[in-house]
Amino acid sequence: MKTVNDINFKNKKALIRVDFNVPLNDQLEVGDTSRIEAAKPTILKILEDGGSAILMSHLGRPEGIEKRYSLEHIVDKVSEIIGVKVKFASDSVGEEAKKAAKDLQPGEILLLENLRFQPEEKKGDESFSKELASLGDIYVNDAFGTAHRAHASTTIVAKYFDEKCFGLLLAKEIESLEKVLGSSEKPVTAILGGAKVSTKITVIENILDKIDHLIIGGGMTYTFIKAQGGHIGNSLVEEDKQDLALKILKSAEEKGVQVHLPVDSVIADSFSEMADTKVVSVKEIPDGWMGLDVGPETIKKFGRVITDSKTILWNGPLGVFEMETFAKGTIAIGEQIAEATKNGAFSLVGGGDSVAAVKKFGFEDKVSYVSTGGGAMLEMLEGKSLPGIEAIK
Ligand SMILES: Nc1ncnc2c1ncn2[C@@H]1O[C@H](COP(=O)(O)OP(=O)(O)O)[C@@H](O)[C@H]1O
Ligand SMILES: O=C(OP(=O)(O)O)[C@H](O)COP(=O)(O)O
């Protein structure tokens, strides 16, 4: 694996794909800095060589240009963490970006605007990739969290460079996860929550061969419950993934994987800290109400499975942990995993928001490994080769 340590960046401009898709709070401030801190060693190595760094990333899932997803919101935080005042270009391509990249001096850092403001990014458009490539001399991929996406900046851009390599974070994540996943002791339990239902539900089928227990929580819950005929009110649901949910349940049964779904839910009459809340059966959520956390019975039920597990893989918070009212499930599951880890289990937690939750509630040092990637970690577990990794091999 060729990394930035194998290249001398003196007087070179490194075009670095980072994953700065960080949680922002209501004031549009960085809520968790893990992904920025994780990219720091790669950036510093390049600057210390006498090179310069052009950082590119996405933030969220904007539809075109949506200012609340501007990477401008994170410029000060990146400057503070890296210790160098970061320059900002208000687009990822075009004249301004070109000029800013051209003028960049050794030791300087330029951050480009959110790549996903351009629809070409997700399409993996060739000419957009070529334009990005024209900004730098050497391509570095350090975006583990986005390595499962075959987008312009993560994959296609690589072919326009003679010199390309892994960033230190990406290399470390691959080495650590390969080691972990190659030697997982049974029973293996995967806990899947969060809000990215449509992209992550498709992964589940492929990991069934690798696990003994599947715990479903968070926003992932309601697509399964509705598919089984439950009433989920206004909870998060992917209508067109209900057949897949049923197929997963059937396939799990055939493979001897035990699936554990929530039995009760903390429901709210609005998506707000101030909402009225109550605990009801997960299958009987009234219209106008939405499930925003797992309930106390579910916490007990999941706890029994987690306690008996020897390998635990967790992606996706169990509820809307950003609001105190709906954080109990995530905290309880974090406590149970910490306890199992203390008793000898190996625990792996990954994902932008999952890491934020683990840090917020103080479990970071009580689990075995924390990965910056959620979806990427799950796809590695599937045994898939990730496009972002293949492109620079
Ligand atoms: N029941 C729920 N309804 C809506 N959103 C939820 C629910 N449970 C959890 N979430 C949200 O899921 C988000 C994280 O999901 P996701 O991005 O898939 O996780 P990660 O970033 O760790 O991979 C959090 O912002 C959290 O508020
Ligand atoms: O946060 C991310 O993934 P994760 O939520 O699975 O950890 C990555 O930045 C990928 O984002 P995407 O799922 O919008 O492509």
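The values are calculated or read from the model by the stated rules, or taken from the named source; none is laboratory data. For clarity, every value in this text was computed on a predicted model and none was experimentally measured. Heads up, the Cβs are rebuilt from the backbone with ideal geometry, glycines too, and the neighbour counts pull from every protein chain shown. To get the accessible areas, we keep the full protein, side chains included, count just its heavy atoms, and leave off ligands, DNA and RNA. Shrake-Rupley method; radii C 1.70, N 1.55, O 1.52, S 1.80 Å.
Based on Cα coordinates alone, diagonalise the gyration tensor for segment 46-185, multiply each eigenvalue by 5, take square roots, and list the semi-axes in whole Å, largest first.
24, 19, 16
Restricting things to Cα coordinates, could you compute the convex hull volume per residue of the chain in Å³?
129
Take the alpha carbon gyration tensor of segment 23-119, find the square roots of its eigenvalues, order them as a ≥ b ≥ c, and report rounded if a/c is under 1.5; if not, report prolate when a/b exceeds b/c, else oblate.
In terms of gyration-tensor shape, oblate.
Quick check for you: with a 1.4 Å probe and neighbouring chains kept, what is the accessible area per residue of the chain, in Å²?
Accessible surface, normalised per residue, equals 42 Å².
Given a cut-off of under 8 Å on Cα pairs at least six residues apart, what relative contact order in percent is computed for the chain?
16
Using unit Cβ charges (K, R positive; D, E negative) and no other charged atoms, how large, in debye to the nearest 20, is the dipole of the chain about its Cα centre?
Here the chain has a charge dipole of around 800 debye.
Among DSSP bridges having both ends in segment 163-282, what percentage is antiparallel? Round to the nearest 5.
40
I need the fraction of alpha carbon pairs in segment 200-335 separated by more than 20 Å, rounded to a whole percent.
43
Leaving ligands, DNA and RNA out of it, report the carbon-plus-sulfur percent of the accessible area of segment 142-252 at a 1.4 Å probe.
Using a 1.4 Å probe with all protein chains present, segment 142-252 comes out at 47 percent carbon and sulfur.
For segment 182-381, with only Lys/Arg (+1) and Asp/Glu (-1) charged at the beta-carbon, what is the dipole magnitude about the Cα centre, in debye rounded to 20?
500
How much mean residue ellipticity at 222 nm does the chain get from its helices, if each DSSP H run of length 4 or more adds -39500 (n - 2.57) and you divide by all residues, to the nearest 500 deg cm²/dmol?
Mean residue ellipticity, 222 nm, calculated: -10500 deg cm²/dmol.
Sort the following peptides by mean Cβ neighbour count (other Cβ atoms within 10 Å, averaged over residues), highest first: 147-153, 177-183.
The most tightly packed comes first, giving 147-153, 177-183.
Relative contact order, percent, of segment 4-171 when contacts are C-alpha pairs under 8 Å separated by at least 6 residues?
In percent, rounded to a whole number, it is 28.
Give, as a single signed number, the net charge of other residues whose beta carbon lies under 15 Å from the beta carbon of Thr189, with Lys and Arg counted +1 and Asp and Glu -1.
With Lys, Arg at +1 and Asp, Glu at -1, the net is +1.
Which of the peptides 345-354, 30-39, 48-57 is most tightly packed, and how do the rest follow, judged by the mean count of other Cβ atoms within 10 Å per residue?
345-354, 48-57, 30-39
Calculate, for Ser385 and His231, the FRET efficiency according to 1/(1 + (r/R0)^6) with r their C-beta to C-beta distance and R0 35 Å; round to the nearest 0.05.
The computed FRET efficiency comes out at 0.25.
Using the Kirkwood radius over Cα pairs, work out the Stokes-Einstein diffusion coefficient for segment 74-118 at 4 °C and 1.567 mPa s, in µm²/s as a whole number.
Result for D is 118 µm²/s.
Checking the cross-link filter: which lysines have an alpha carbon closer than 19 Å to that of Lys359, excluding same-chain neighbours under 8 positions apart?
Within the straight-line limit of under 19 Å, Lys359 reaches these lysines: Lys40, Lys77, Lys328, Lys342.
From the Cα trace of segment 315-393, what convex hull volume per residue do you get, rounded to a whole Å³?
Per residue, the Cα convex hull of segment 315-393 comes to 98 Å³.
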